[in-house]
Each structure stands twice: as C-alpha cells, then as structure tokens.
1. Which members of the stretch 3-57 meet the condition of being polar (S, T, N, Q) and on the phi > 0 side of the Ramachandran plot?
2. Checking L131 against (1) open to solvent by 10 Å² or more (accessible area, probe 1.4 Å); (2) under 18 Å from L175 (Cβ atoms), only one condition comes out false. Which one?
3. Are there any strands (runs of 3 or more DSSP E) wholly within the stretch 1-114 with 1 or more residues that are loosely packed, with under 15 Cβ neighbours inside 10 Å and free of Cβ contacts under 8 Å to residues at least 60 places away in the same chain, and if so which?
Amino acid sequence: MRICVFCGSNPGRSPLYADAARVLGRLLAAEQIGLVYGGANRGLMGILADAILAAGGEVIGVIPEPVMALEVAHGGLTDLRVVGSMHERKALMAELSDAFVAMPGGIGTLDELFEIYTWRALGIHAKPIALWNVAVFFDPLLRMLDHTLAAGFMSGPTRELLTFEGSARALVDKLRSSALTPS
C-alpha cells in the first residue's frame, strides 16, 4: 500500500507540525506503507520523507522540472520521478497511491487536496482522502466545507468523501481499511 501525503514545503511556525510529520513517517515505515509525495527535501515534505527513510521505508517523490529549483528535490529517495508540469505531478501521484492525506501546508497543499477531492466527487477515482488535523490546523477549512454544504453548494455524500482525523494511528487505520474496502 502507498499513501500520498500533501504537505508544506515549509515547516510552519509551530513545532507540532514537524513533530507530526516525523510521527507519521515512522508509523508509515513501521506499517510497511510507502509514501508518495511532492519530492522536496525541505519543510514538512522533507521531514516526512527523512523520517520514513530513516526507518527503512519506501518513499517515492514526484516533482515537476520547473519546481525543482523552488522546492529542492530530495536526493536520497527510493525513487524520484521528474515530470513536466504540476498537472503531470498530480496525475502520477494519484496513479501511484491507494489513499491520500493532507497535512498542514500552503496553497500547493490545498490545490493538491482539492483537485484529488474533486476527482473523487466526479468518480475519477474511488480512493479515500483524509485530513490530518494537526493542532486543529484544518478547523477553518472544515467549517468552510460545512458552510458550503449548508449553503447548498455541496451534497452530503460529497462532503463525506473527505474525512479528518486527529491522530496518525487513527488516520492510517482508517485509510487502510477504506482503501481495502471497495466503494
């Protein structure tokens, strides 16, 4: 099994974000779950990848050629795939993954999250998607999604396609069971 994690190329201001990336990395490696991610060696992306690699796990990075200078590609991955565009990056990450997680991050993380969420709502894939709500980072987003539902711009079944968890263990267990259960 492989889980794609969308997260920041910056570490964020709270040390809780970096701690969470290390916890998730060690857990994925211990559970023999591979990581697919954006391929950077910095920020939460680099921390997560380094934690998995240090524990002997598999890490596949996918980075667009034009972004390599901005995000600085990780040189020690199990596999680094260089693609031509962000569109190719997201498509390949989706193809290689059995489930998706968003951790704290910026507009790139949100872009990746919402594209994969939209693809799920449109039936392009049936893979589970979850937010890891580290230090209640996603609470404002969850309120916005609930507001979108209440305002009639989203259906209840679409809202339920995106789950959220407060712990790495619950997140991995939920994604594993969801990925193995046909939709």
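1. Our first condition is that a residue be polar (S, T, N, Q); within the stretch 3-57, this holds for 9-10, 14, 32, 41.
Passing the criteria: only Q32.
2. Single failed check for L131: (1).
3. Values: elements: 2-6, 34-37, 59-64, 79-83, 99-102.
Answer list for the stretch 1-114: 79-83.
The values are calculated or read from the model by the stated rules, or taken from the named source; none is laboratory data. Computed from a predicted structure; not experimentally measured. Ideal geometry is used to build each Cβ from the backbone, glycine not excepted, and the neighbour counts take in all protein chains shown. Areas reflect the complete protein model, heavy atoms only, side chains present, ligands, DNA and RNA absent. Shrake-Rupley method; radii C 1.70, N 1.55, O 1.52, S 1.80 Å.
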